[in-house]
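Participant: One structure follows; several queries about it will come next.
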Amino acid sequence: MTWTRRAGELAVGLLPIVLLLGLWQGLVFLKYAPPTLLPGPVTVFSRFFSLLGDPQFLQHGATTSFRLFSGFALAVAVGVGLGILAVGNRVVAAILRPLIRVLAPVPKIALYPAFILTLGFDHSSKIALVFVDAVFPILLATYQGALSVEPKLVWSARAAGVSQTRALFTIVLMAALPSILTGCRIGLVIACIVVFLSEMINSTDGLGYLLVRAARNFQTVDMFVPIISISILGLILNAAFNALRARLLVGYPEDN
Amino acid sequence: MKRIADIPGFPPLMACIGLLVFWDLVARYLAISGLPPAWDALKEVPVILADPEQLLNILSSIRRMVIGFFAALVFAIPVGLLMGRSRAVAAFFNPLLMTIYPVPKAALMPIIMLWLGVGDVSKILVIFLGVSLPVIYHSYQGARAVEQKMLWSAAAMGMGAPARLLRIVLPAALPEIMVGCRTGLVLALITMVTSEMIARQSGVGNILFNSLDLAQYGLVYATILIIGVMGFVLDVLFEKLREAVAGWAQPVHQIAVGSA
């Protein structure tokens, strides 16, 4: 693709975003929408940037990030571990497959009250929810990626005297990495969304709580700011993960 | 001889029973009021379903979900197909879709409620938003992968562009579209439950937290079971539909997970 064509496509792609922002600002500017119901994008974004220097806001952001990353790290450890194990061991696979079939389409958010009742109102119930929501895409991607690894790779390693367990972790895990990383990226964005929702439903801190608090006090500007914050966090994490993937898998085709 | 594990439906059934037994044993071992044994929760399920008010609540939830889901299909499939066949359309929509991808749709509920009130419209709109994205994405991927030669042959035989989209691209992309619809269906249920948990007005999500506030723990777990069964049954039904509509294609193992 030529450089000019790429620049042209980028410009076309920015168009709807600019148009939407313009429409939003226009509605406010021409007083079609009362500012109490729809504050303009300029107001919202300047509020967002001024809050970035507010230690209290950052504290809420840090709480959310802590829950997000704890849950996600657990999900990666369990998801990748179980996925690889299921490929190496027929019994594990026989138990795991029907469990996934039953549990994957279940809305995990419905388990949140159960987590609150068993784990309490604090961090652990939210981390547990993030974990169960993020673990399925990671587990499935690992399992499917590891299943499609060329068996000859494993045979040659086994013929060269590598033990079964070692072959699993040095060959199958590495060969399944593209699929695993895709699963992790999906899981990470899901984790972002879920941690925010769990804080909205039941919390006294975190970004989701800020949104609910603003809604109760009818502060519309402050309702937009947490949503924008979590979305930007999601975008940054998504981009960072793509960069990591490009670095780890040099030469492997990009995925969408 | 047929192995017992090959009987369709047997392994998932065993998984369900296994989960319930495991839950029951853990609950009896821990013996805390926050985790009643599975049997106690199961006993509450018919109680909920026999209560006309609760049943009406659940049915109105399902009604909203169905409306939001089909509205999203009507919008998202044409957009996705057009994106797949036209570079300009794809370039136009892609960055916008990428930007709104990590936005928690159900979190928009309080803002949408400010504008449209607490009624059905807000909830249906949120479900619509949640379902649209995966359906657009998969329709896009499906339409992009259509064999170019088929389109050329059709054009050579004098078929116009709209007819090509309807009679070649749509059927060829159908298996991938069905994958998107399946993800969308799971997402519709998730968004429905989540938006009701946030709005706390009516519906299944509201029953969940009302019974939590009233400390009726058996009822909480029974509602969780009902929602779980709904998710599983919808997925199984959709898989049957997929087989009927696009059974000629290789079954795609797709990650049917997502979040609102």
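The values are calculated or read from the model by the stated rules, or taken from the named source; none is laboratory data. Because the structure is predicted, anything quoted here is derived from the model rather than measured. Virtual Cβ from ideal backbone geometry, glycine too; neighbours counted across all protein chains shown.
Participant: Assigned to a helix (DSSP H, G or I) and either of a type in the set (Asp, Glu) or farther than 30 Å from residue B:242 by Cα (or both), is that true of residue B:207?
Facilitator: Here the answer is yes, as residue B:207 does meet what is asked.
Participant: If the requirement is being on the phi < 0 side of the Ramachandran plot and either within 14 Å of chain B (Cβ to nearest Cβ) or of a type in the set (Gly, Ala, Ser) (or both), which of these qualifies: A:6, A:47?
Facilitator: Numbers: A:47 fails: either within 14 Å of chain B (Cβ to nearest Cβ) or of a type in the set (Gly, Ala, Ser) (or both).
Exactly one of A:6, A:47 is on the phi < 0 side of the Ramachandran plot and either within 14 Å of chain B (Cβ to nearest Cβ) or of a type in the set (Gly, Ala, Ser) (or both), namely A:6.
Participant: Further, regarding this structure: Does at least one position in region A:10-19 carry a residue that is more than 13 Å from chain B (Cβ to nearest Cβ), surrounded by 11 or more Cβ atoms within 10 Å (Cβ to Cβ), among the small types (Gly, Ala, Ser) and assigned to a helix (DSSP H, G or I)?
Facilitator: Taking every residue of region A:10-19 in turn, none turns out to be more than 13 Å from chain B (Cβ to nearest Cβ), surrounded by 11 or more Cβ atoms within 10 Å (Cβ to Cβ), among the small types (Gly, Ala, Ser) and assigned to a helix (DSSP H, G or I).
Participant: For residue B:135, indicate whether it is assigned to a helix (DSSP H, G or I) and surrounded by fewer than 18 Cβ atoms within 10 Å (Cβ to Cβ).
Facilitator: no
Participant: Ok, one more. When you check residue B:22 against the structure, is it surrounded by fewer than 16 Cβ atoms within 10 Å (Cβ to Cβ) and farther than 30 Å from residue A:237 by Cβ, yes or no?
Facilitator: yes
Participant: Here's a check for you: in region A:102-115, which residue that is within 22 Å of the chain's Cα centre (by Cα) and of a type in the set (A, V, I, L, M) is nearest to residue A:198 (Cα to Cα)?
Facilitator: Step by step, filter region A:102-115, then rank; the result is A:109.
Participant: Right, something else. Please determine whether any residue of region B:154-175 is crowded, with 24+ Cβ neighbours inside 10 Å, part of a helix (DSSP H, G or I) and touching a Pro at 6+ places or on another chain (Cβ under 9 Å).
Facilitator: Among the residues of region B:154-175, not one is crowded, with 24+ Cβ neighbours inside 10 Å, part of a helix (DSSP H, G or I) and touching a Pro at 6+ places or on another chain (Cβ under 9 Å), which makes the answer no.
Participant: From the list B:116, B:108, B:96, exactly one residue is over 17 Å from residue B:76 (Cα atoms), within 12 Å of another protein chain (Cβ to nearest Cβ) and surrounded by fewer than 18 Cβ atoms within 10 Å (Cβ to Cβ). Which is it?
Facilitator: B:116
Participant: Exactly one condition in (1) more than 14 Å from every other protein chain (Cβ to nearest Cβ); (2) in contact with a helix residue (DSSP H, G or I) (Cβ under 7 Å, 6 or more places away or on another chain); (3) of a type in the set (A, V, I, L, M) is not met by residue B:136; state its number.
Facilitator: Going through (1) more than 14 Å from every other protein chain (Cβ to nearest Cβ); (2) in contact with a helix residue (DSSP H, G or I) (Cβ under 7 Å, 6 or more places away or on another chain); (3) of a type in the set (A, V, I, L, M) one by one, residue B:136 breaks only (1).
Participant: Also, quick follow-up: Could you tell me which numbered condition residue A:26 fails, if it satisfies all but one of (1) over 29 Å from residue A:220 (Cβ atoms); (2) at pLDDT below 90; (3) touching a Phe, Trp or Tyr at 6+ places or on another chain (Cβ under 9 Å); (4) more than 14 Å from chain B (Cβ to nearest Cβ)?
Facilitator: (1)
Participant: Could you figure out which of (1) in contact (Cβ under 8 Å) with a residue 24 or more places away in the chain; (2) basic (Lys, Arg); (3) away from chain A (no Cβ under 14 Å) isn't true of residue B:149?
Facilitator: (1)
Participant: From the list A:66, A:49, which one is modelled with pLDDT of 90 or more, in contact with a helix residue (DSSP H, G or I) (Cβ under 8 Å, 6 or more places away or on another chain) and among the aromatic types (Phe, Trp, Tyr)?
Facilitator: After ruling out the rest, the residue left standing is A:66.
Participant: If you go through region A:201-208 one residue at a time, do you hit one that is of a type in the set (Ser, Thr, Tyr) and closer than 18 Å to residue A:128 by Cα?
Facilitator: Checking region A:201-208: at least one residue is of a type in the set (Ser, Thr, Tyr) and closer than 18 Å to residue A:128 by Cα.
Participant: With the checklist (1) at pLDDT below 85; (2) surrounded by 12 or more Cβ atoms within 10 Å (Cβ to Cβ) in hand, flag the one item residue B:32 doesn't pass.
Facilitator: Result: residue B:32 passes all but (2).
Participant: Determine which single condition residue A:203 fails, assuming it passes every other condition in (1) more than 8 Å from chain B (Cβ to nearest Cβ); (2) surrounded by fewer than 22 Cβ atoms within 10 Å (Cβ to Cβ); (3) of a type in the set (Ser, Thr, Tyr).
Facilitator: That leaves (2) as the condition not met.
Participant: Using beta carbons and a limit of 8 Å, which pairs, at least six apart or on different chains, have the first residue in region A:59-78 and surrounded by fewer than 16 Cβ atoms within 10 Å (Cβ to Cβ) and the second one among the charged types (D, E, K, R)?
Facilitator: The qualifying pairs are A:59/A:205.
Participant: Report yes if residue B:186 is within 14 Å of chain A (Cβ to nearest Cβ), in a helix (DSSP H, G or I) and free of Cβ contacts under 8 Å to residues at least 40 places away in the same chain, otherwise no.
Facilitator: no
Participant: Within region B:73-98, can you find the residues that are charged (D, E, K, R) and either outside any helix (DSSP H, G or I) or under 13 Å from residue A:9 (Cα atoms) (or both)?
Facilitator: B:87
Participant: Condition check: at pLDDT below 90, surrounded by fewer than 23 Cβ atoms within 10 Å (Cβ to Cβ) and closer than 19 Å to residue A:44 by Cβ. Does residue A:221 satisfy that?
Facilitator: Working: at pLDDT below 90: yes; surrounded by fewer than 23 Cβ atoms within 10 Å (Cβ to Cβ): yes; closer than 19 Å to residue A:44 by Cβ: yes.
When the stated conditions are applied, residue A:221 passes them.
Participant: Is it the case that region A:211-218 has a residue that's farther than 24 Å from residue A:41 by Cα and either surrounded by fewer than 17 Cβ atoms within 10 Å (Cβ to Cβ) or modelled with pLDDT of 90 or more (or both)?
Facilitator: No.
Participant: Got a sec? Which of B:95, B:52, B:102 is in contact with a Ser or Thr (Cβ under 7 Å, 6 or more places away or on another chain) and over 20 Å from residue B:177 (Cβ atoms)? Full working, then the answer.
Facilitator: Details: B:95 fails: in contact with a Ser or Thr (Cβ under 7 Å, 6 or more places away or on another chain); B:52 fails: in contact with a Ser or Thr (Cβ under 7 Å, 6 or more places away or on another chain).
Residue meeting the stated conditions: B:102.
Participant: Which residue pairs have Cβ atoms under 8 Å apart, sit 6 or more places apart or on different chains, and have a first residue in region A:1-19 that is not assigned by TED's automatic domain parsing to the domain that holds residue A:41 and at pLDDT 80 or above and a second that is aliphatic (A, V, I, L, M) and exposed (fewer than 14 other Cβ atoms within 10 Å of the Cβ)?
Facilitator: A:12/B:88
Participant: Which one is farthest from residue B:100 (Cα to Cα), of the residues in region A:229-245 that are more than 9 Å from every other protein chain (Cβ to nearest Cβ) and buried (at least 16 other Cβ atoms within 10 Å of the Cβ)?
Facilitator: Among residues in region A:229-245 that are more than 9 Å from every other protein chain (Cβ to nearest Cβ) and buried (at least 16 other Cβ atoms within 10 Å of the Cβ), the one farthest from residue B:100 (Cα to Cα) is A:245.
Participant: If you take the residues of region A:71-107 that are assigned to a helix (DSSP H, G or I), small (Gly, Ala, Ser) and in contact with a helix residue (DSSP H, G or I) (Cβ under 6 Å, 6 or more places away or on another chain), which of them is farthest from residue A:170 (Cα to Cα)?
Facilitator: A:71
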